[in-house]
Each structure stands twice: as C-alpha cells, then as structure tokens.
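Chemist: Got a structure here, written out as structure tokens. Questions coming.
The values are calculated or read from the model by the stated rules, or taken from the named source; none is laboratory data. Note that the coordinates shown come from a computational prediction; the quantities given were computed from them, not determined experimentally. Glycine also receives a Cβ, built like all others from the backbone with ideal geometry; neighbour counts cover every protein chain displayed.
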Amino acid sequence: MIPRAPLDAARIGRRLLLTAPLLAAPGLARAQSARTLRIVVPFAAGSEPDILGRRLAHAMAPILDQPVVVDNRIGGNTVIAASHVAQSRPDGETLLLTSSSTFATLPNLHANPPVRLDQFEVMTMAMRAHMVLYTSADVPAATIPELIAWANAQPEPIHYGANRGAIGHLCGEKMKRVTGIRMTDVSFRGSLVLQQLMLRGDIKLAFDGVPAHAELVNAGRLKAFGITADRPAPMLPNVRPLAEQGFGDIALSYWYGIFAPKGTPGAILERQIAAIHRAQRAEELLRQFSAQGAQLEGNSPAEFRRMIDAERESWGEIIRAIGLTLD
C-alpha cells in the first residue's frame, strides 16, 4: 500500500476561500458520497454540544447535498467517542465534535493519554462558549464572597458537580485554590442529571454552560453567580461577568471543535471545513447561540492547531499546580 502524504494544514487553510464558493454550485457536492456523514458527539442528547452538533448537521446537509446526523457516544470524559472516531475509516463519513477537554486538558491528566491529537486531522473550531457558576436555590448567599463564607461555615465541605478532568472540574479546583472555598467534587452523567441533583440540593455548586440551566435560573429554581464572558449573556441578563466582580481568575471559557480520523483525504476535509464555516453563518445558529453569549467562530486547521497547543499548555499549568492526575 502506498502511504498517504501527511496533510498540509496550512495548504488547506489557504484553499478554503476557493472551496467555499464552489460548494454553492449545483451538483458539486455530489462528488462526495451520498452516504450519511456522522458527527460523533461525546455528550448526552439535549446538552449544549449535542444541540450545536444537530444545528450544524441540519445546516451542513443541504450544503454538502448529503445526510448529516449526530451520533451521541457519551462516557469516559469524551474518550469513548474520540476513540471511536480515531478508529473509524478515514473516508470522510465520520467526524468528531468535542470540547476543549479532549485535547487541551486530558493530555495533561495522563502519562499516556488515551487519545492523542496526532490520531486526528484537525479541522476547525466550531464555537467558543462560556462557563457559569451555578448553585442550588437553597444556598443562602447573593454574592460570591457570601457564597464562599457560607460554604466554609459548613461542618463538611459542600458537594460540587464535576466529572474529574472536565472543564467544570478544573474550574472548581481553580476556585478552591484561588478562594479557599471548601468543597468536594461529585461526578454526574450529563447536564440534565446535574440539574436534578442541584434542584434536590444534593449538589450545591457547579460550573456549567449557559444554556444548561439558564431557564431554571430565570425561574428562580437555581442561582447563577457569574459568567466567564466579558459581558452578560442575553439568556442570563442579570448574571455579571466574573472578572467584573473580581473573580475572573476562578474559571475559564471553553470551545468545541471538529476533527476527522487521521488520513482522511485533504480534498474531503477542505469540502467539509468550508461547509462547516458556511453552516456557522446560518441564521438559526447565530440566533440561538448568540443568545447564550457564545461565538460561532471558525478557523483554519493550522490556526486551530496552534490554539489547541497554546491552551493545552495553559490548562497544563493549572493541572500541575493542583497536582491533578487521572492515572
């Protein structure tokens, strides 16, 4: 077998502008197989990345003239889905839509990471989103200092929702390190489960995305104390930025990106990346995700890889500082 030449990310980036207009030409996308394109999402149905994946799939299908569906494969802190895609045939029919956890934080948590970036073709960032500091409604506090004082006055550390190694967990550990708040992480399976645990008061605090619990906050059934964005999100208009409150260093924003199995032909990647970038401009996506303060931002494979490398190092500093490992 003749080995494939390695993908030139910079070349793909330069050619995207040429590819995108051509996708509008009738019948061009039919050069791509009409078989279904799967976007594998490592999160539960109804979660933020699941909704993002389904909206992108809906917008991409007419651009590619090809069925596009979401395949939820949850568990293992995104590893189950990522491993599945890494082992899939590089034929352009399987993509991974995952969070920054997979390639920016997990490599710092294992001596031998269960999935590696070099098993994939880096395609594009899909969206940058923001974390919110939530608490159950029975927490008797109205400000972050009051929240910290209340938590530290309890006889035992309060429970906070966090799957170890995920962005929400790292934000919680960062908050503990910066503020001295006493709390213990409790794992959960998806934002809907976390929601129920917080409504019952079993979990008192969690970092999660804007849309996960905004409706319950606005209904007074949960509380929100701050957001990692630089301005309030329309879905949570009364929730101030953490930085504005003097707590900008307790949490960080995150992103979702799209990847293909290593060895996927460059021509297929170019077509799909251009379709993703066009889909990001769809009115339905812009309307929905701008409401939660998210940015639908695409970039070239080379730009995306540089961003991942930089964020992997910045998260690594936090992880090493708190001595966290999943081995």
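Chemist: Suppose we filter region 107-143 for residues that are under 18 Å from L170 (Cα atoms) and among the β-branched types (V, I, T); how many remain?
Modeler: Counting residues in region 107-143 that are under 18 Å from L170 (Cα atoms) and among the β-branched types (V, I, T) gives 2.
Chemist: Ok, one more. Restricting attention to region 181-196, and to residues there that are touching a helix residue (DSSP H, G or I) at 6+ places or on another chain (Cβ under 7 Å) and not basic (K, R), which single residue is modelled with the lowest pLDDT? Step through it out loud before you land on a result.
Modeler: Step one: filter region 181-196 for residues touching a helix residue (DSSP H, G or I) at 6+ places or on another chain (Cβ under 7 Å), giving 181-183, 185, 188, 191, 195.
Of the ones still in play, those that are also not basic (K, R) are 181, 183, 185, 188, 191, 195.
Details: I181: 98, M183: 97, D185: 94, F188: 87, S191: 79, Q195: 93.
Per the criteria, the residue is S191.
Chemist: Is it fair to say V122 is touching a helix residue (DSSP H, G or I) at 6+ places or on another chain (Cβ under 8 Å), in a strand (DSSP E or B), closer than 20 Å to I268 by Cβ and not basic (K, R)?
Modeler: Here the answer is yes, as V122 does meet what is asked.
Chemist: Hey, among R287, R312, which residue is within 18 Å of S101 (Cβ to Cβ) and basic (K, R)?
Modeler: R312
Here is a yes/no grid of residues against (1) touching a residue at least 40 places away in the same chain (Cβ under 8 Å); (2) assigned to a helix (DSSP H, G or I); (3) touching a helix residue (DSSP H, G or I) at 6+ places or on another chain (Cβ under 9 Å):
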site: Y134; (1), (2), (3): yes, no, yes
site: Q154; (1), (2), (3): no, no, no
site: M198; (1), (2), (3): yes, yes, yes
site: I203; (1), (2), (3): yes, no, yes
site: E215; (1), (2), (3): no, yes, no
site: F225; (1), (2), (3): yes, no, yes
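Chemist: Sticking with this one: Quick test of your reading of the structure: A59 fulfils all but one of (1) surrounded by 19 or more Cβ atoms within 10 Å (Cβ to Cβ); (2) farther than 23 Å from Q292 by Cα; (3) at pLDDT 95 or above. Name the failing condition by number.
Modeler: Failing condition for A59: (2).
Chemist: Among the residues of region 217-239, which ones are of a type in the set (A, V, I, L, M) and over 18 Å from Y160 (Cα atoms)?
Modeler: Listed by number, the residues that qualify are A219, A229, A233, M235, L236, V239.
Chemist: Which pairs turn up if I take residues in region 176-192 that are on the phi > 0 side of the Ramachandran plot and look for partners that are surrounded by fewer than 17 Cβ atoms within 10 Å (Cβ to Cβ) with beta carbon separation below 6 Å, at least 6 apart in sequence or on another chain?
Modeler: Filtered contacts from region 176-192: G190/A44.
Chemist: Need at least 2 residues that are in contact with a Gly (Cβ under 9 Å, 6 or more places away or on another chain) and modelled with pLDDT of 95 or more per element, so show me which helices (runs of 4 or more DSSP H) inside region 234-327 make the cut, counting only ones lying wholly within it.
Modeler: 266-280, 301-322
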